[in-house]
Amino acid sequence: MEDCYEILGVKPGATIAEIRRAYREKVKIYHPDVSGDEGTAEHFKKIVRAYEILSDQKSRSIFDSSFASHFRRRKVKSWDYREWLLAREDDESRAKLIFFDLLHGREDDAVKEFKRMQTERSKFSLKHWFTRENFMDYGFILSEELHLRGEYFDAFCLLEQIIKMEYTYEYFRLFFPEVLAFAKNILHNYIEGTINDELALDTYERALELNLGDAEDAFILRKMAIIYKRIGDERTAQICFEEADRIGVKK
């Protein structure tokens, strides 16, 4: 068996976040539909197989036990970048600390720091300190971690930024349906009843600007109507119901 880590271009101690990102990068290069080169098909199969092995905890453990000794690399003690970031309080350092932790097995620390910065600094923005591509990759992974911890509004806001970036310039390509499906899942199942009505309405209004399709817009408008009715704004609720019906998609 070939070295799965080498195929994906990651170190043996790579986190699942690093493995996912490496896989996406490889697919964007070697997928036959993207490269236009049928000669890449065999290598693409190796990439998919390597990802299947390393993304599953059990199969990765078996692979490591059987083959890691052949591929293990020496670790050289070097300057501690994380300690350097921790000692700094400027926005750029804190943003880089969040994504550093996210990609090095410290997901809880990454989410905690992200939430702290969001609370303490109203103008804090992750995307300001990274290339567009890196923000989209890391932002998607962070949104997954936020979702796992019940931070649904923040997870959606990150996805909103990524979706808008994708519309302006295609980057995710094959993975964009996954991004959209994730955003829709949050809208359908994790907004109403999990955050306050004002924040839920804000989320739904943001979603209406994302061109998710008539069916999604109708669903969102009906959700908004229910909330407006609950808080006593019958007129706005009726407007939302009528607009949903105008779109012509039934619940």
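The values are calculated or read from the model by the stated rules, or taken from the named source; none is laboratory data. Computed from a predicted model, the values in this text were never measured in an experiment. Counting neighbours? That spans all protein chains shown, and the Cβs are built from the backbone with ideal geometry, glycine included. Only protein heavy atoms, including side chains, enter the accessible area calculation; ligands, DNA and RNA are left aside. Shrake-Rupley method; radii C 1.70, N 1.55, O 1.52, S 1.80 Å.
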Problem set entry | Contacts under 9 angstrom Cβ, first residue in the stretch 6-22 being of a type in the set (Val, Ile, Thr), partner open to solvent by 60 Å² or more (accessible area, probe 1.4 Å), 6 or more apart | ILE7/HIS43; ILE7/LYS46; ILE7/ARG49; THR15/HIS104; THR15/ARG106; ILE16/GLN57
For this session: Would you check if there is a residue in the stretch 132-143 being open to solvent by less than 60 Å² (accessible area, probe 1.4 Å) and not in a helix (DSSP H, G or I)?
Result: no
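Counting only residues that are of a type in the set (D, E, K, R) and more than 24 Å from LEU86 (Cα to Cα), which one in the stretch 133-161 is modelled with the lowest pLDDT? Full working, then the answer.
Start the filter on the stretch 133-161 by keeping residues that are of a type in the set (D, E, K, R), which leaves 133, 137, 144-145, 149, 151, 154, 160.
Still in the list and also more than 24 Å from LEU86 (Cα to Cα): 133, 160.
Details: GLU133: 88, GLU160: 97.
Restricting to residues being of a type in the set (D, E, K, R) and more than 24 Å from LEU86 (Cα to Cα), the top hit is GLU133.
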For this session: Six or more apart or on different chains, Cβ under 9 Å: which pairs go from a residue in the stretch 115-134 that's within 22 Å of TYR152 (Cα to Cα) to one that's modelled with pLDDT under 90 and β-branched (Val, Ile, Thr)? Could you list them?
Result: none
Exercise. Can you name the residue in the stretch 169-189 that is free of Cβ contacts under 8 Å to residues at least 12 places away in the same chain and farther than 14 Å from LYS28 by Cβ and is also farthest from the chain's Cα centre (by Cα) among such residues?
Worked result: ASN189
For this session: Among residues belonging to the stretch 195-219 that are outside any helix (DSSP H, G or I) and open to solvent by 50 Å² or more (accessible area, probe 1.4 Å), point out the one that is farthest from PHE153 (Cα to Cα).
Result: ASN211
Problem set entry | Tabulated pairs, the stretch 140-166, first free of Cβ contacts under 8 Å to residues at least 24 places away in the same chain, second open to solvent by 30 Å² or more (accessible area, probe 1.4 Å), C-beta under 9 angstrom, 6+ apart or interchain | LEU148/GLU107
Problem set entry | Residues of the stretch 228-251 classified as within 15 Å of GLU192 (Cα to Cα) and either touching a strand residue (DSSP E or B) at 6+ places or on another chain (Cβ under 7 Å) or not aliphatic (A, V, I, L, M) (or both), total | 3
Exercise. Which one is nearest to ARG149 (Cα to Cα) among residues in the stretch 65-99 that are modelled with pLDDT of 90 or more and open to solvent by 50 Å² or more (accessible area, probe 1.4 Å)?
Worked result: LYS96
Problem set entry | Single unsatisfied condition, HIS31 versus (1) surrounded by 11 or more Cβ atoms within 10 Å (Cβ to Cβ); (2) farther than 24 Å from GLY13 by Cβ; (3) modelled with pLDDT of 80 or more; (4) not polar (S, T, N, Q) | (3)
Seminar exercise, completed: LYS11 meets each of (1) at pLDDT 85 or above; (2) not in a helix (DSSP H, G or I) with one exception, condition (1)
Exercise. Is there a residue in the stretch 101-118 that is open to solvent by 40 Å² or more (accessible area, probe 1.4 Å) and among the polar types (S, T, N, Q)?
Worked result: yes
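When you check GLU166 against the structure, is it more than 17 Å from GLU144 (Cβ to Cβ) and either within 14 Å of the chain's Cα centre (by Cα) or surrounded by fewer than 18 Cβ atoms within 10 Å (Cβ to Cβ) (or both), yes or no? Break it down stepwise before answering.
Numbers: more than 17 Å from GLU144 (Cβ to Cβ): no; either within 14 Å of the chain's Cα centre (by Cα) or surrounded by fewer than 18 Cβ atoms within 10 Å (Cβ to Cβ) (or both): yes.
Criteria not met by GLU166.
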For this session: Starting from the stretch 202-230, keep only residues that are among the polar types (S, T, N, Q), then list their pairs with residues that are crowded, with 20+ Cβ neighbours inside 10 Å and not in a helix (DSSP H, G or I) whose Cβ atoms are within a distance under 7 Å, requiring at least 6 positions of separation or different chains.
Result: THR203/ILE191
Problem set entry | Test result for LYS123, at pLDDT 95 or above and farther than 23 Å from ALA22 by Cβ | no
